[in-house]
Amino acid sequence: MKNFSIFFLIFISGLFLLPTCQGADGKTKDSLTKYKEQYRPLVHFSPQANWMNDPNGLVYFEGEYHLFYQYYPEAMVWGPMHWGHAVSTDLVHWQHLPIALYPDSIGYIFSGSAVVDVNNTSGLGKPGKPAMIAIFCYHSPILEKEGKNTVETQGMAYSLDKGRTWTKYAHNPIVPNPGIRDFRDPKVSWNTQTAKWIMTLAAGNCVRFYSSPNLKSWTLESEFGKDKGAHGGVWECPDLIKMPVKNVKGESKWVLLVSINPGGPNGGSATQYFTGNFDGHQFVCDNAQIRWIDNGKDNYAGVTFSGIPEKDGRCIFLGWMSNWQYATSVPTSPWRSAMAFPRQLNLVKGKDEYYVTSNPVNEIERLHERKITIKPFVTKEKTQLTKDIPFTLSPVEIIAEFSLPRTGAAKEFGFELYNTKGENILIGYSDVLKKFIINRQNAGKNDFSKDFKGIHFSGEIRTKSVIFMHLIIDAASVELFGQSGEVAMTEIFFPNERFNNLNVYTKTGTIQCKGITIYKLNNIWK
Ligand code: FRU
């Protein structure tokens, strides 16, 4: 995101001139929260009103998942950033809470993370009451306007009441700017090897690692990535995670997530990842391959929850369901943007590499309202499924398995969602390219950006004998998990009428559909 300073002026004038659309305290206003709007996500988190981007401060504490997020409460476009706040006890139903962090004299509150300081290393907790600590990027619109390089520093705030109220640390900033223009999005985690906190920070075209015994004073350890990975744009929102290797007992490795904007595989924003090792000081990656957490156009700035209890042990990832190419102009109102569905990441050892799989968290089962199964069939033409589905097609979850005959196999096949206005979206697999495809060329409104319309591809898949597709379809989005999570693709769409019809489509050839299960999902806001 560039040109942050122009928003400063809008912000200042907004404070005096504009009536607040959503109460700046974040409280529900009934007139705005019917959640009946045409494109309102029904199984994804979205703010009641106004602008949202990255998820921030993802942390689990005493039975609650906290979702803070980049929020501008005065308009439906990006502006001076606050941290909005919501909590959930099950990762799918969310309760909106008042804004957690407001801009102050140092600057706007950009992206960052939150941890629970269980051992009170910071001294900010009270006996029996560990502090929840938010570490975020301060972005100074004043220094930006002056053309300085030292615009971004890191700050800290703490809460002793489960994130409900926050106090900014008295000695902010805790990490000064060393002269790097883009210096932001601190993700903090506890490193057991060194018994220190590690801050993973985006610093221009690389990531920096800092360590601290107490969350307050930080020492630079190392840098990673100037000559590794994708560099189509600035690096943002990194995350460093230790993960067990799912299929090798006793082995674990480190995964580094790095969002970049632009430079994604299908244009604009996307999140790449590296596998490797981290010794508490330095990250060394396994190979120079460029790999993406999600190959769709609409999953950005995703990071993982901290504080997940050991007995759960999952690595839970949440991304922002949009793309900076058009995020500020998508045709939704009175809000803009949603979060993708929370995912469980796993690390798998393949033939000659380790790779990350993504699947929706199991809690999706809590939303299952009705289930239908479609018996196996063989087809070489469009097969209408609508007549077999006694409920509306969003939100739904679809799980399907296909195989291709030895001869006469279809070149491409998958699902077509369509409406009576002749609009459709294809979510399929190309057996020619060995890639999954989402085609939103004709999916409704797209004139708000030249970068929206298009056909988008995953990378080439590893296992090709059977094709699995797992879809989550909401009012204005689809998430595709292919090959048991080896591929993930998230895309948004804006049809002029709901997509309420479903076909299995094939192009030039035959497929065997081994079974389709469709779940009607409950609206999370009811
Ligand atoms: C990523 C990003 C972050 C920054 C925030 C500002 O989408 O540009 O790097 O902290 O958004 O809202």
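The values are calculated or read from the model by the stated rules, or taken from the named source; none is laboratory data. Since this is a predicted model, take the numbers as computed values, not measurements. Quick reminder, even Gly has a Cβ in these numbers, built from the backbone with ideal geometry, and neighbours come from all protein chains shown.
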Just give me the residues in the stretch 313-347 being within 24 Å of Ile364 (Cβ to Cβ), touching a Phe, Trp or Tyr at 6+ places or on another chain (Cβ under 8 Å) and surrounded by fewer than 19 Cβ atoms within 10 Å (Cβ to Cβ), in sequence order. Gln344
Quick check: is even one residue across the stretch 12-34 crowded, with 23+ Cβ neighbours inside 10 Å, more than 14 Å from the ligand (Cβ to nearest atom) and at pLDDT below 55? yes
Val77 meets each of (1) closer than 26 Å to Ile260 by Cα; (2) over 19 Å from the mean Cα position of the chain (by Cα) with one exception, condition (2)
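Got a number for residues in the stretch 108-164 being of a type outside the set (Lys, Arg), outside any strand (DSSP E or B) and either within 16 Å of the ligand (Cβ to nearest atom) or modelled with pLDDT of 95 or more (or both)?
22
For every residue, the table says whether it meets (1) in contact (Cβ under 8 Å) with a residue 24 or more places away in the chain; (2) assigned by TED's automatic domain parsing to the domain that holds Gly302; (3) among the aromatic types (Phe, Trp, Tyr).
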site	(1), (2), (3)
Val116	yes, yes, no
Leu124	yes, yes, no
Pro130	no, yes, no
Ile133	yes, yes, no
Phe136	yes, yes, yes
Ile142	yes, yes, no
Thr153	yes, yes, no
Lys162	yes, yes, no
Tyr169	yes, yes, yes
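Consider the stretch 360-403. How many of its residues are assigned to a loop (DSSP other than H, G, I, E, B) and touching a Lys or Arg at 6+ places or on another chain (Cβ under 9 Å)? Let's see the steps before the verdict.
Of the stretch 360-403, the ones assigned to a loop (DSSP other than H, G, I, E, B) are 361, 375-376, 380-382, 385, 389-395.
Restricting the remaining residues to those that are touching a Lys or Arg at 6+ places or on another chain (Cβ under 9 Å) gives 361, 376, 389-395.
So the count comes out to 9.
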What are the pairs with Cβ atoms under 6 angstrom where one residue, in the stretch 178-189, is hydrophobic (A, V, I, L, M, F, W, C) and the other, located anywhere, is within 11 Å of the ligand (Cβ to nearest atom) and at pLDDT 95 or above? Sequence gap at least six, or different chains. Phe183/Glu152
Check off (1) away from the ligand (no atom under 14 Å from the Cβ); (2) among the β-branched types (Val, Ile, Thr); (3) in contact (Cβ under 8 Å) with a residue 60 or more places away in the chain for Val207 and give me the number that stays unchecked. (1)
Take the residues of the stretch 87-102 that are surrounded by fewer than 23 Cβ atoms within 10 Å (Cβ to Cβ) and closer than 16 Å to Asn53 by Cα: which is farthest from the ligand (Cβ to nearest atom)? His96
Could you please give the count of residues in the stretch 207-234 that are of a type outside the set (Ser, Thr, Tyr) and under 23 Å from Trp190 (Cβ atoms)? 13
